[in-house]
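Working notes for the structure below.
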Amino acid sequence: MRLLLGLTGFVLAIASGLPAQAAVPLDLHGAVRYALAHDPAVLQRRATVAQNEATYAKDHAAEFPSLAGSLQNQLFKANPAYPGAFAQYGVTTSPVFSENIAQIGATWNVYNGSLLQIQAQEAKRQVEASRDDLQRSEQQLAADVAAAWYNVVQQRVAVRLTEGDRAYQAELLAAAQAQERVGRVAGVDVLRAQVNALRSQAAYTSAVAGAENARESFAQRIGAPATMQFAFPVALVEPPLPRTLVDALIARALAARTDIAAERAQVALARLADRAIESDRLPQLQLTGSFGNAEIPTTQTTSAQFIPGIGLVPGISVVRNGFWQVGATETFTVPLIEYGARRAAHRAAHAQLDAAEAALSSGESAVALEVRQDYRAVETARANLATSNEADQLGAESGRIAQLQYRNGLISLTDATAAEQSALSAANDLVTARVAYLNALVRLRAAVGVADPVSVVDVGEPL
């Protein structure tokens, strides 16, 4: 019976167009992939890459021989009494003429380094630059998604912490009420404990709303609906420090960073633009060739043949001629007077090249600075995390002891409340330190230039 009901539900789900099983909640990797597939800026850069690739394919194809086939049919009919346009020369045309031509031809423009070749190389550099820009934007998007993900986890942890504080204040209120009944404390302690419990309840309510707001904001950030389900972890991990020296990370970043590659492509583009100015002075060679077959089935000949029962009739012959042809054209142009236009063009191109080289040098320096500062931020965040771990342990123990002491009348309610607030603050600082450490690791991995944007958030993987 259960199997029959399960099959029935499966069939109904298919028939209604709904999935048979609920969607699997997204983890951090799944969220990054979802964002990469729906982020408008990334999609726009992918469109730019596709457009540049199409331009490069067109320009690059012009460097190779073009091969084309053609079929041609020509049919001519005239009045047999019409002598034709060439009758004055003693040439008579056939009243019926038909010709079929099939050929394959190729043309190759060998430009010897001239403009179209340079344009193809320039288009290739544009493709490389747009690809590098796309990869860098994907890496940055992964880092932003990770920061938003950790913020949601932090808000969810804050809910648990305020829930624990609410339970703590409730126990203090119960202890104050018990001690007030036996006359150990004044009734004002009960009132103060009630105030603390209500404030703790308000903080818990705000934390629940903040966690839900953070979850919805995260869904909106990756382009998902607000009802999307996520598999947020209960606690944040504390991966070890990177083992690679900072100088090695800088060298790796300079070799892998896509923005540096894009700036190098701009330098190459500036050099190509300078070369393109001289393209009109280079020789241009064009090679052509074709072969085919021509068939003329209705050509009338002067010979005749006698057919019994019919008599003498004109002869009809079919002419089939194969043909081929090759050709070469070399063009070499020497401008005589240019009125300084070429010199001015070179001057402008050299200025563009100097600017591109300066941008590359500045970009390399900025990358080295970013990696050093991100590495230092990771070390600082790790040291703060170790301090926060110790403070959290001490704060939790002091809060537990303070609760016991107040229950036994050894300390005042103010002291017990202060100890709990100190423990709660230390716990919040620990969560903040963990988030700061994880974000610092993600930023360092993005600064180094980890190629796969999903791998940027793999903080557990060594650099």
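The values are calculated or read from the model by the stated rules, or taken from the named source; none is laboratory data. Just so you know, these numbers come straight off a predicted model, no measurement behind them. No Cβ is skipped: glycine too gets one built from the backbone with ideal geometry, and neighbour counts run over all protein chains shown.
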Being of a type outside the set (Lys, Arg), part of a helix (DSSP H, G or I) and out of contact with any His (no Cβ under 7 Å at 6 or more places or on another chain) narrows it down to one residue among Val185, Val190; which is it? Val190
If you scan region 260-295, which residues turn out to be charged (D, E, K, R), surrounded by fewer than 18 Cβ atoms within 10 Å (Cβ to Cβ) and more than 30 Å from Phe332 (Cα to Cα)? Glu295
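Taking region 241-259 only, how many residues are among the small types (Gly, Ala, Ser) and buried (at least 18 other Cβ atoms within 10 Å of the Cβ)? Step through it out loud before you land on a result.
Let us first name the residues in region 241-259 that are among the small types (Gly, Ala, Ser), namely 248, 251, 253, 255-256.
Cutting the leftovers down to buried (at least 18 other Cβ atoms within 10 Å of the Cβ) gives us 253.
The total comes to 1.
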Meets criteria (in a helix (DSSP H, G or I), modelled with pLDDT under 95, assigned by TED's automatic domain parsing to the domain that holds Pro239 and acidic (Asp, Glu)) for Asp452: no
Here is a list: Arg125, Arg136. Which entry is basic (Lys, Arg) and modelled with pLDDT of 85 or more? Arg136
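Looking at region 221-240 only, could you name the residues that are aliphatic (A, V, I, L, M) and surrounded by 15 or more Cβ atoms within 10 Å (Cβ to Cβ)?
Keep residues of region 221-240 that are aliphatic (A, V, I, L, M), which gives 222, 224, 226, 228, 231, 234-237.
Matches in region 221-240: Ile222, Ala224, Met228, Leu236.
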What is the number of the single condition among (1) crowded, with 18+ Cβ neighbours inside 10 Å; (2) in a helix (DSSP H, G or I); (3) aliphatic (A, V, I, L, M) that Leu198 does not meet? (1)
